[in-house]
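The values are calculated or read from the model by the stated rules, or taken from the named source; none is laboratory data. As the structure is a prediction and not an experimental result, all values here were calculated from the model. For neighbour counting, all protein chains shown are included, and Cβ atoms are generated from backbone atoms with ideal geometry for every residue, glycine included. The area values use the complete protein model at the heavy-atom level, side chains included, leaving out ligands, DNA and RNA. Shrake-Rupley method; radii C 1.70, N 1.55, O 1.52, S 1.80 Å.
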Amino acid sequence: MNFSSALEKIESSQVFKQFKKQHPDAYFCAGFFVIDYEGTSQQQLDYCLKDGRVFTFIINKEISYKEAETIEGKQQKLSKLNKEIKVDLPAVENIVKEKVKKKINKIIAVLQEYQDKQIWNLNIMTEGFGITQMHIDSDSGEVLKLEKRNMFDFIKRVK
């Protein structure tokens, strides 16, 4: 699984070509990947229209798409992302394995813009309910953020 092949698969599909005929101003704005070492992985790319609506293209046996739902009807215009990235998912996985010394169960990877940089925003689930949050620059491979937590840090204790 990698971003480049997902992009090629989606943008060469008839479904996407028909979408682009209807929405020629649509631009790539996010990528979402789930690398599941114990289950089913997922790949999807998002395209934004000038009016702020976002359409999600999902890779399964066939390419499908749907309009993304917004929270309480709010639409936030997403930035146009560069499709030419230097650090693709296999390199991201290698960086993660180097930094995270536990058994990795799942990586949720989002290609997005954050603080004027195009990054891989990662949530890594490890054995023992560990969660590592990591940001990796998609151009240089530099680790910009690395925080290790435990799932129990997110659970509110009720007395």
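Compared with the rule-of-thumb size 2.2 N^0.38 Å for a compact globular protein, the chain has a Cα radius of gyration ratio of 1.11.
Inter-part distance, the stretch 113-131 to the stretch 11-50, computed on C-alpha centroids, equals 20 Å. Computed from Cα positions, the angle between helix 89-99 and the longest principal axis of the chain comes to roughly 10 degrees.
With no solvent and one equal point scatterer placed on each C-alpha of the stretch 95-137, evaluate the Debye formula and give log10 I(q)/I(0) for q = 0.14, 0.17, 0.22, 0.29 Å⁻¹, two decimals. Debye intensities relative to I(0), on a log10 scale: -0.32, -0.45, -0.68, -0.99. Sorted largest first by accessible area at a 1.4 angstrom probe radius, with every protein chain in place, the residues 149, 53 fall in the order 149, 53.
In this label model, residue 36 and residue 115 are separated by 3.2 nm, measuring between points 7 Å along each Cα→Cβ vector. Length available on full extension from residue 133 to residue 101: 0.36 nm per residue minus the Cα-Cα distance, which gives 10.1 nm.
Per residue, the convex hull around the alpha carbon atoms of the stretch 69-148 comes to 120 Å³. Computed on protein heavy atoms with a 1.4 Å probe, the accessible areas place 127, 69, 93, 38 in the order 69, 38, 127, 93, largest first. Could you check the simple spin-label distance between residue 86 and residue 15, using points 7 Å along Cα→Cβ, in nm with one decimal? My value for the distance between the label points is 3.3 nm.
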